[in-house]
Ligand code: GDP
Ligand code: MN
């Protein structure tokens, strides 16, 4: 799960990091009210969307008066940044930026540990900086045990340029605190870019990006409320709540309902092979019951992009008769107007075929024939 900047900054505060004074707003009036609550209406208005590069897209604007805030918030709210529509803005007091640095912690699979990335030149895209001047990007490998050790930071900070040496303590403390957050919240990424040094020598997280591991959310209950409806595709949300592994894809019109991630991937490949376009990835998981199948079918039926539904089930642990029951129930409840191609093979398939035959639903046994048919129907 990716957090919005304002949520990341809430976490930062809890872990002792310094962030600008600010508040999130869902409307222009609210944004103005936030600015009014500050000593001066000198603020920065920032789009809150789960994607980067907002600055370049015009999603970060400075304003020095309340009218300016009204204008900036009006321009940013409703703006589209890489497919995300901006529904809320963060209004923060402006900082007097002296320097912009970069700091992040990520998982490092190659070394089976974590990695800290630091640069005295932040504010820019770190990938780009690493490409053009790799010597300016410092990396520290961290062993999960014992974790980040003070001497590692002293070693990195010994490299600070002479002018930045005086910020040693502030940067050191920021690194330690961000690392603590990264570990305790089971983050896969914790990034501050830019990490700002202000004119009066303070070390402040100007921007924040945090991604947390969904599989660890059960022990980070405080983060549950951070998943906001407007940040998530509604179909993906429903699928998640129903324990389905579902990913919506752009541009396709064949809705796939499959059991097993491997078969789900293969199904998309086969559709592509015959010239069709899948509308989604959907893995029912093992041992699905009729109700589960019905829930999955509901999500695909409700996807407006889908013209043809392709059900591809191999009954290993899943029983084909349960799948048939789910399909039959869904048809009764949902008034499905879309084409439906079903391939069903495996445990209890003869029972399933009988059930479906009674309902005049035809079934394929071979995946190739079924996929061909689905692609053909999707082009009508
Ligand atoms: P991003 O483009 O999505 O990464 O958004 P950031 O929050 O990193 O902001 C982009 C840039 O806006 C920063 O690198 C700063 O140069 C500038 N910026 C952000 N907040 C302030 C501020 O309070 N004062 C000033 N002067 N510039 C700011
Ligand atoms: Mn940034």
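Throughout, read-outs are computed from the coordinates displayed, never taken from laboratory work. Because the structure is a prediction, the values reported are computed rather than measured. Cβ sites come from the backbone with ideal geometry, for glycine too, and all protein chains shown count toward neighbours.
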Helix 168-184 versus the longest principal axis of the chain: what angle, 0 to 90°, nearest 10, using Cα atoms? 20 degrees
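Using Cα pairs under 8 angstrom and six or more residues apart, how large is the relative contact order of region 288-348, in percent? Provide the component values of the computation, followed by the final result.
Details: 82 pairs, mean separation 30.0, N = 61.
Relative contact order comes out at 49 percent.
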Return P(r) of the chain (all Cα-Cα pairs; 10 Å bins starting at 0; whole %; ordered from short to long distances). 5, 20, 23, 19, 17, 12, 5, 1, 0
What do you get for the angle between helix 290-301 and the principal long axis of the chain? Use alpha-carbon atoms, 0 to 90 degrees, nearest ten. 70 degrees
Can you tell me the FRET efficiency between residue 180 and residue 80 if r is taken as the Cβ-Cβ distance and R0 is 45 Å, rounded to the nearest 0.05? 0.80
Distance in nm between pseudo-label sites at residue 331 and residue 15 (7 Å out along the Cβ direction from Cα): 5.3 nm
Most mobile listed residue (356, 138, 195) in the chain, GNM with C-alpha springs under 10 Å: 356
In degrees, nearest ten, helix 367-378 long axis to first principal axis of the chain (Cα): 80 degrees
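Output the relative contact order of the chain, whole-number percent, from Cα pairs under 8 angstrom with separation of 6+ residues. Each step should come with its number before you reach the end.
Values: 735 pairs, mean separation 48.0, N = 380.
Computed value for the chain: 13 percent relative contact order.
Can you tell me, using C-alpha contacts under 8 Å and at least 6 residues apart, the relative contact order of region 98-256 as a whole percent?
Over region 98-256, the number comes to 22 percent.
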Mean residue ellipticity at 222 nm from the helices of the chain, using -39,500 (n - 2.57) per DSSP H segment of n ≥ 4 over the full residue count, to the nearest 500 deg cm²/dmol? -10500 deg cm²/dmol
Mind ordering 325-337, 171-183 by average Cβ neighbours within 10 Å, highest first? 171-183, 325-337
When the chain is modelled as a GNM with alpha-carbon springs shorter than 10 Å, which of 53, 262, 170 fluctuates the most? 262
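Report for the chain the percent antiparallel among DSSP-assigned beta bridges with both residues inside it, nearest 5. Don't skip to the answer; put the middle values down first.
Working: 47 of 63 bridges.
The antiparallel proportion sits near 75 percent.
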Mind telling me which of 190, 31, 324 comes out most flexible in a GNM of the chain, alpha-carbon contacts under 10 Å? 324
